[in-house]
1. Hey, how many Å between the Cα centroid of region 86-157 and the Cα centroid of region 14-82?
2. What is the helix-to-structure angle for 33-42, meaning the angle in degrees between its Cα long axis and the longest Cα principal axis of the chain, kept from 0 to 90 and rounded to the nearest 10?
3. DSSP beta bridges in the chain, what fraction antiparallel, as a percent rounded to 5?
4. Among 180, 225, 238, which residue has its Cα furthest toward the positive end of the charge dipole of region 157-238, with +1 on Lys/Arg Cβ and -1 on Asp/Glu Cβ?
5. Given the options 56, 86, 72, identify the residue whose Cα lies farthest towards the positive end of the charge dipole of region 46-95 (+1 on Cβ of Lys, Arg; -1 on Cβ of Asp, Glu).
6. Can you tell which of 100, 203, 238 shows the greatest fluctuation in a Gaussian network model of the chain with Cα springs below 10 Å?
7. Take the alpha carbon gyration tensor of the chain, find the square roots of its eigenvalues, order them as a ≥ b ≥ c, and report rounded if a/c is under 1.5; if not, report prolate when a/b exceeds b/c, else oblate.
8. Which shape class applies to region 19-137: rounded if a/c is under 1.5, otherwise prolate when a/b exceeds b/c and oblate if not, where a ≥ b ≥ c are the square roots of the Cα gyration tensor eigenvalues?
Amino acid sequence: MAPSLENLLVVGVASSALFDLTASDAVFSTEGEQAYRAYQEAHLTEPFAAGVAFPFIRRLLRLNALAPLVEVIVLSRNSPDTGLRILRSAAHHGLTITRAIFTEGRAPHEFMPALNMSLFLSANENDVRKATLAGMPAGQVLKSSFQDDDDPALRIAFDFDGVLADDASERIYQSGGLDQFQQHEATNVVTPLDPGPLRNFLAGVNRIQRQAEDRIRVSVVTARSAPAHERAINSLKAWGLTVNDAFFLGGLKKAPILDVLKPHIFFDDQRGHLIQTVPCVHVPFGVTNE
């Protein structure tokens, strides 16, 4: 009997995040749907090349060698017939993805609660924004020049405000500036922030770490600095969550840190912090995205 999805970390991934669909998208945008259908049928036996989220997904699935821990489900706007190539490509690349939802244009995020998903990744900005507005944890993968390595461990990095936590403190910063933000955080240092969109995803990662601690490393890379760092740490403790590394940069650029960390995926709510040298995900949540 297959394990219940309730006991697994469930990630939904669009074909646009998992594979490089540049050629297919060009056919659809320039020649229309019928030409796209014909193109996919003619190229059915040609696997797609790896996309931005591929290294992250591959490492997630490899954790199942230890125990049933992760379920990755393709969540695609393709029709069932045009989606055949997606699962064939997954099998070609050795990805053990057996479940897929093909919606033929319908908003795929509507099925996230039914599948107990704690994350949905897509390159389609509109789909990600709709999911986020509906209160669901989603992110848009951006183009990357990242070259994968042979290290089997999975490296995940998060921004804090607007990603793991809600945007309440970010709103103070945006409206009142740094001094008011620092004073507010010092006053509320023992009051945990409300969870943000990816808090539950980190909780799922932490559950896996308890069985495979050496296979996953989690970092927080945030613009916070002392004394505001304490509230971030206290919030994680209050949520019962942990990270391996925390970088409180006080407004310094994140790129040099990310280039050293080389995460297989980095989540941030502000596009200005995202770079091309690592796989980055824009989480369009909160005040900075209004």
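The values are calculated or read from the model by the stated rules, or taken from the named source; none is laboratory data. Only a predicted model underlies this, so the values are computations on that prediction, with no experimental measurement involved. Reconstructed Cβ throughout: ideal geometry from the backbone, glycine too, with neighbour counts over all protein chains shown. In case anyone asks, the SASA skips ligands and DNA or RNA and just uses the protein heavy atoms, side chains included. Shrake-Rupley method; radii C 1.70, N 1.55, O 1.52, S 1.80 Å.
1. 10 Å
2. Long axis of 33-42 versus the principal axis of the chain: about 70 degrees.
3. Given both bridge residues lie in the chain, the antiparallel proportion sits at roughly 15 percent.
4. 238
5. 56
6. 238
7. Prolate is the answer for the chain, as a/c is 1.5 or above and a/b outweighs b/c.
8. oblate
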